[in-house]
Amino acid sequence: MSSVDTKTKKYKFKAEVKQLLDILAHSLYTTRDIFLRELISNASDALDKLRFESTKGTDFIDKKAPLEIKINFDEKKNTLTISDTGIGMNKEEIMKDIGTIAKSGSAEFLKQLTESKNNVNNIIGKFGIGFYSVFMVAEKVIIKTRSFRKDDASVEWSSNGLGTYQIKEIDEKLKRGTSIEIHLKDDAKEFAEKYRLESVIKKHSNFIQFPIFFDKEKINTMPAVWRERKSNVKPKQYSEFYKYLTYDNEEPFGVIHNNVDAPIQYNSLLFIPKKNTDFFGFNRENYGLDLYVKRVLIQHQNKELLPEYLSFVKGVVESEDLPLNISRETLQENVVFNKITNNVTGQILNFLLKKAENKPEEYAEFWNEHNRVFKMGYTDFTNQEKYLKLLRFNSSNDKDEKELTSIEDYVSRLKDGQKEIYYVIGNSRNSIEVDPHLEIFKNKGLEVLYLYDPIDEFVINSIRKYKDFEFKSVDSTDLKKLNDFKDVEKKKEKLEELNKDDEKHFDSLLARIKDILGDKVTEVMESKRLSSSPSLLVNPDDAMSAQMQKMLRLTNQEVGNLKKIFEINKDHVLIRNLLKAFKVNSKDEYITNVVEEMFESALLLEGNLVDPHQLVKNINKLLVESSEWYIKAKGIKG
Ligand code: ADP
Ligand code: MG
């Protein structure tokens, strides 16, 4: 072609590429054979892309060339060549594409890689680190490639992986596709040896859907597992395919394989990993199922096939009933596609339901690993019934923080006449168990669900009810119902009842407390729920919970002035003493100090004390006073 620019040009690698190359060059890996996995998967991607173009009717060169991968080696020259008849690259593409690293979160990936000197092997093996992994074994790489488009020139790229690469367009008309010639480092000669190579290729590439020819023979012989009848597939095949697909080296937690023929034909092979693989938290976008239509890979990691709350599921879906020319945009409007999506979701939920019922210990493992993602399912109203059955919480009925309770369990233990499911929100079991709001529930023997995770409150607020039972936070005010239940714990010895006169004084004391706190509370009233604490704050019904306020504040959102009711325990020694002081002098400053202190402590307990200064100042004042009383009472002289 006249426009071919055959001059060799030299370029520097981008900074991040250089950084990756340095790491790869200066560490020792036991897993460096994964470079082959990366190159073969790139070849397979390139073939998939070509097949996809072909189904769209795009015109391209070398139509007759079969879609395949070839791997050749030369033990004497220490070289290895991987070639494909895929989509190829033109000069612009090679400069742009061979130059990106591990597309998802590359910066974070690099950071982790640099920081975790010791288990670099682990990280490298688990991620698709891409083309550059070849420089773990290569001292020089030459790529020759020709794009599938008619007018693009052939290109040659080469580099020693140190800092620069060369590129030129070449006159020679290559065949469509890409070949990658690797000149092996001295310490990587093993990759030009037949048996070593063969085992590595088999290990990593058995499930590639295009033929791989090695030493003139087709080396990958595995059929597409998902297309096989379920009854014909051996556990080992599932496990191998899973490992190939996810780079996980553990067995999957669950395998869900379905061959559906009517009314819509599709095969799905889904896996639930044992571990939440998003262990750095930056892999959020890295989910979805591979979608095949009539054996053509239409989309890798399609995100519409799975609701986000099931994004831990990996796998493949293939259908004969979808049109090949379906575009990503029209997928969502496609009735068949939507049916498949619904079925897939249903199958996953059914699998989990079965596990939860038959193997609760295994379900608990799943829950502990994946619950953060799974809980987001509260937005899936279609499957709410199943979702509710799968939810787990810790509960006052459980022995420790680790045990799990389902809503069904809770309901099966309801007291006669109990219409509500009680819950409390807190950071940990320890902090919840000292919460004064729980005192009455303990006294009445009423079970309370313990919610530790911020998302739990969204879940509860959104589902509101389970069957006819409404969820009710322990800090809401409406407690008339609670008094219908008998005490199960013997109350501590009660203080003497107040006489009529003192009852009146007590009412005035409540008014005085309201005066002291002013606008900070809506109301001050006698508490019916406390036994060992002097006071607590409760929520007017349906107001935002304390935990929610705290969360909003932590994320710097305006919370406004959410006022609460301040409840006072008449049967508490502190309150009785205040009452005595109050009777002598209703304006006593000491009462003011104590009340302010009680109020701020209550705020502190629920995590909503914005400024601790006042509280500390008050405590100090009270400590000084109490120390003086102590010295006097003991007759200590100094
Ligand atoms: P990834 O495969 O995750 O995109 P890689 O580093 O493995 O990252 O490859 C980078 C890009 O280089 C690919 O996305 C593709 O565009 C291009 N590429 C690599 N190998 C080939 C190939 N054999 N044929 C065509 N394009 C390729
Ligand atoms: Mg790749």
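Only the coordinates and a few stated rules stand behind these numbers; no lab work does. What you see is a predicted model; the values in this text were computed from it and never measured. Please note: Cβ atoms are built from the backbone with ideal geometry, for glycine as well, and neighbour counts cover all protein chains shown.
If you restrict to DSSP beta bridges whose two residues both lie in the chain, what percentage is antiparallel, to the nearest 5?
75 percent
Could you sort out which of LYS91/LYS140; LYS14/LYS63; LYS444/LYS520; LYS49/LYS175 sit more than 24 Å apart by Cα distance in this structure?
LYS14/LYS63; LYS444/LYS520
Work through the residues other than GLU526 whose Cβ is under 12 Å from its Cβ and net out their charges, Lys, Arg +1 and Asp, Glu -1.
Value of the local net charge: -2.
Less than 13 Å Cβ to Cβ from VAL4, Lys/Arg counted +1 and Asp/Glu -1: what total charge do the surrounding residues give? Each step should come with its number before you reach the end.
Numbers: positive: LYS7, LYS91, ARG146, LYS168, LYS173; negative: ASP5, ASP151, ASP152, GLU156, GLU169, ASP171, GLU172.
Once positives and negatives cancel, what remains is -2.
Kindly put ILE71, ILE61 in sequence by how many other C-beta atoms sit within 10 Å of each C-beta, fewest to most.
Working: ILE71 22, ILE61 18.
In order of increasing Cβ crowding within 10 Å: ILE61, ILE71.
Per-residue HN-Hα couplings for segment 185-197, Karplus 6.51 cos²θ - 1.76 cosθ + 1.60 at θ = phi - 60°, whole Hz, x for Gly and Pro?
Karplus values, whole Hz, x for Gly and Pro: 5, 4, 7, 10, 4, 3, 7, 10, 9, 3, 6, 4, 4.
Explain nothing, just the number: relative contact order of the chain, from Cα pairs under 8 Å at least 6 residues apart, as a whole percent.
Once normalised by length, the contact order is 9 percent.
Calculate the radius of gyration of the Cα atoms of the chain to one decimal place, then report Dmax, the largest Cα-Cα distance, as a whole number, both in Å.
Values for the chain (Cα only, Rg and Dmax): 34.2, 110 Å.
Select from PHE506, GLY417, ASN394 the residue farthest towards the positive end of the dipole of the chain; place +1 on Cβ of Lys and Arg, -1 on Cβ of Asp and Glu, and compute about the Cα centre.
It is ASN394.
Rounded if a/c is under 1.5, else prolate if a/b beats b/c, else oblate: with a ≥ b ≥ c from the C-alpha gyration tensor eigenvalues square-rooted, which is segment 471-522?
Because a/c hits 1.5 or more and a/b fails to exceed b/c, segment 471-522 counts as oblate.
Can you sort ASP571, ASP398 so the residue with the fewest Cβ neighbours within 10 Å comes first?
Details: ASP571 20, ASP398 17.
Lowest to highest Cβ neighbour count: ASP398, ASP571.
Name the residue from ASN608, GLY177, VAL336 whose Cα lies farthest towards the positive end of the charge dipole of the chain, charges +1 on Cβ of Lys and Arg and -1 on Cβ of Asp and Glu.
GLY177
Which of VAL434, VAL225, VAL411, VAL610 comes first, and how do the rest follow, when ranked by fewest Cβ neighbours within 10 Å?
Ranking VAL434, VAL225, VAL411, VAL610 by Cβ neighbours within 10 Å, fewest first, gives VAL610, VAL434, VAL411, VAL225.
Using only DSSP helix segments of four residues or longer, with each worth -39500 (n - 2.57), what per-residue ellipticity at 222 nm results for the chain after dividing by its residue count and rounding to 500? Could the numbers behind the result be given before it?
Values: 20 runs with 238 residues, N = 638.
Taken over the chain, the calculation gives -11500 deg cm²/dmol.
Take the Cα atoms of segment 292-410, build their convex hull, and give its volume per residue in Å³.
113 Å³
Say each of ASN368 and LYS189 gets a label point 7 Å from the Cα, pointing the same way as Cα to Cβ; how far apart are those two points in nm?
4.9 nm
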